[in-house]
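Please read the structure below before turning to the comments.
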Amino acid sequence: MIFFPFFYFLFLKVLTSGYFNNDNRLKYPTTSNNFSKLAENSNKAARDEVLREIEQTKNHYNSLLNQYINRNDPISKLNYQITKNELNHHLQILERRLNRL
């Protein structure tokens, strides 16, 4: 009997907090120039970081692929294809991340 009010307030405060009063547009207006400059700078920094990561990934995988270029055995050819597929997959993930920004 003592815990019923506790569970009642737990339900009201915690479980319904995501459904009611979550409109923060009135609390944090976004019409100021400072906010737009800050958002633009953070987007530019994130885009530069993803571009840097793409370049590092290309350099890393190119050094790995250079190991298998002049070899003729089947295992090296298989490793070359696997590494090339990994590179393409990783670059697709990074390009999707770049497009989301």
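Sub-8 Å Cβ pairs linking a first residue in the range 81-101 that is surrounded by 12 or more Cβ atoms within 10 Å (Cβ to Cβ) and modelled with pLDDT under 90 to a second residue that is not charged (D, E, K, R) and not in a helix (DSSP H, G or I), at least 6 apart or interchain, are T83/Y68, ordered by first then second residue.
Being in a helix (DSSP H, G or I), surrounded by 12 or more Cβ atoms within 10 Å (Cβ to Cβ) and acidic (D, E) is a condition met by no residue of the range 40-47. Taking the numbered list (1) assigned to a helix (DSSP H, G or I); (2) hydrophobic (A, V, I, L, M, F, W, C); (3) touching a helix residue (DSSP H, G or I) at 6+ places or on another chain (Cβ under 8 Å) in turn, L78 passes all entries but (3).
Select from the range 52-72 the residues that are of a type in the set (A, V, I, L, M) and farther than 14 Å from E95 by Cβ and list them in ascending order. The answer is L64, L65, I69. Has the range 42-53 got at least one residue that is in contact with a Lys or Arg (Cβ under 9 Å, 6 or more places away or on another chain) and at pLDDT 90 or above? Among the residues of the range 42-53, at least one is in contact with a Lys or Arg (Cβ under 9 Å, 6 or more places away or on another chain) and at pLDDT 90 or above, which makes the answer yes. Of all residues in the range 4-17, none are assigned to a loop (DSSP other than H, G, I, E, B) and at pLDDT 80 or above.
The values are calculated or read from the model by the stated rules, or taken from the named source; none is laboratory data. Please read all numbers here as calculations on a predicted model, not as lab measurements. Every residue, glycine as well, gets a Cβ built from its backbone with ideal geometry; the counts of neighbours run over all protein chains shown.
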